[in-house]
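One structure is given below, encoded as structure tokens.
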Amino acid sequence: MEVSRALDQIAEIHDHLARTEVYRGSRSAQVAFSGLLAVVGWLAQPWVIAEGSARAFVVYWVAIAAASVAVVMGDIARHYFFRSTAVARRMTRKVVGQFLPCLAAGGAITLAIASAAPVSVPLLPGLWAVLLGLGLFSARPYLPRAIGWVALFYLAAGIVLVWRGGGSPAPESWGMGATFGVGQLLAGAVLYWNIERREDG
């Protein structure tokens, strides 16, 4: 009985330490690169997909999002397997776990709208932004406090995009490029200014 209680207390201490420690497994360069991918995708879209094609829009931006996630998650995995302590690995699992629901919801909503309601595809950029904002808010206890402003930006931009998308016959590329380009560049700046700059200094 005493051993079980002691183990519970140790687990509580670990959780408390994890909440007071800022997660350092995601680097600014990879996050900012995902923002640049969004801007390049925005600029390249008119030459890559036919204007007004909802299905092509979804495939195109899902591919860009998958590339962005692969870059960021690849860096997190490298840090997790090769550079982390046991405590840092535990925190990585917590932070990634905070993001998984918004990623799963984004995938499910995308699949549902693209297959069952293609006329609603113009709403997707806003819904994606709202979900990413919620994911950032849920992980905020483990990230620099300023990431809350980035999450708020995503929520506000997402609401505007949903409002505009509701009356649009076709999805607009500028919403994706501007929202996710600016948002990810801001997130990269927050990570650099609050973590990496201090580590280098």
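Data table
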quantity	calculated
Entirely in the stretch 1-116, the helices (runs of 4 or more DSSP H) that have 1 or more residues that are within 15 Å of the chain's Cα centre (by Cα) and either modelled with pLDDT of 95 or more or surrounded by 11 or more Cβ atoms within 10 Å (Cβ to Cβ) (or both)	28-48, 54-82, 86-116
Of the criteria (1) farther than 16 Å from Val22 by Cβ; (2) at pLDDT below 90; (3) among the small types (Gly, Ala, Ser); (4) surrounded by fewer than 17 Cβ atoms within 10 Å (Cβ to Cβ), which one Ser173 fails	(4)
Enumerated helices (runs of 4 or more DSSP H) restricted to the stretch 125-201, each holding at least 2 residues that are touching a residue at least 12 places away in the same chain (Cβ under 8 Å)	147-165, 173-191
Yes/no for Ala151 being small (Gly, Ala, Ser), under 16 Å from Cys102 (Cα atoms) and modelled with pLDDT of 95 or more	yes
Test: residue in the stretch 121-132 that is surrounded by 14 or more Cβ atoms within 10 Å (Cβ to Cβ), on the phi < 0 side of the Ramachandran plot and small (Gly, Ala, Ser)	yes
Pair list, Cβ under 7 Å, 6 or more apart: the stretch 55-77 residue over 30 Å from Ala88 (Cβ atoms), other residue among the β-branched types (Val, Ile, Thr) and part of a helix (DSSP H, G or I)	Phe57/Val121; Val58/Thr110; Val58/Val121; Tyr60/Val48; Val62/Thr110
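The values are calculated or read from the model by the stated rules, or taken from the named source; none is laboratory data. Since we're looking at a predicted model, the values are computed, not measured. Backbone-built Cβ (ideal geometry, glycine too); neighbour counts: all protein chains shown.
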